[in-house]
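See below for the structure under consideration.
The values are calculated or read from the model by the stated rules, or taken from the named source; none is laboratory data. Here the structure is a predicted model, which means the values were calculated and not measured. Note: ideal-geometry Cβ built from the backbone for every residue, glycine included; neighbour counts use all protein chains shown. Quick note on the areas: whole protein, heavy atoms, side chains included, nothing else; ligands and nucleic acids left out. Shrake-Rupley method; radii C 1.70, N 1.55, O 1.52, S 1.80 Å.
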Amino acid sequence: MLSVTRTPEGVPHTPAGSVQVVQMTLLGLPYALLNAGPNVRPNEAYSLQVYTDTQAETDRYWDAIVRNGGEAIMCGWCKDAWGFRWQITPRLLMDALAHPDPAASARAQAAMMGRRKIDIAGIEAALRGPK
């Protein structure tokens with residue numbers, strides 16, 4: 001966390017001293033988080049995407065979110081305990097979806113659609129195609 005700004009006295013409907021802004025770095029990217037109050041809720045129009053290189057890394061991020069009050073959603077998405085959506089995405093999946101062979105890309109898409117947490121071995125198998 002880089003800094004925390006607290007609400008001063010006199011802000012309507014907000015207790016003085018409550019967290020107003022947090023500036024932080026998450027996975028090397030800068031973020032400013034604004035506390036807009038209890039009437040502004042996270043929604044599905046925004047998600048954080050985390051790229052992973054291995055199944056162990058994918059599992060670690062996914063499990064940290066889902067097992068701590070979160071919720072598993074389809075296609076590599078999950079929701080944390082505060083209602084924010086995350087996409088825990090193996091880089092291999094993004095490469096597979098952009099594969100130059102349309103049939104391989106379609107198989108990867110189908111493999112992704114049938115999963116909650118992305119399984120890298122399943123994506124690799126989809127790229128190889130039927131035996």
Would you be able to tell me the number of residues in the range 122-131 that are open to solvent by 60 Å² or more (accessible area, probe 1.4 Å) and assigned to a helix (DSSP H, G or I)? 2
Anything in the range 61-113 that is under 16 Å from Gly129 (Cβ atoms) and part of a loop (DSSP other than H, G, I, E, B)? List them, or say none. His99, Pro100, Asp101
How many residues are surrounded by 10 or more Cβ atoms within 10 Å (Cβ to Cβ), of a type outside the set (A, V, I, L, M) and within 19 Å of the chain's Cα centre (by Cα) when one looks only at the range 28-40? 1
Filter result for the condition that a residue is touching a Gly at 6+ places or on another chain (Cβ under 7 Å) and not small (Gly, Ala, Ser), over Arg85, Arg41, Arg67, Arg91: Arg41
Filter result for Thr58 (under 30 Å from Gly129 (Cβ atoms), in a helix (DSSP H, G or I) and open to solvent by less than 50 Å² (accessible area, probe 1.4 Å)): yes
Working only within the range 68-97, note down all residues that are closer than 13 Å to Arg116 by Cβ and without any contact (Cβ under 8 Å) to a residue 40 or more places away in the chain. Gly70, Glu71, Trp77, Cys78, Lys79, Trp86, Ile88
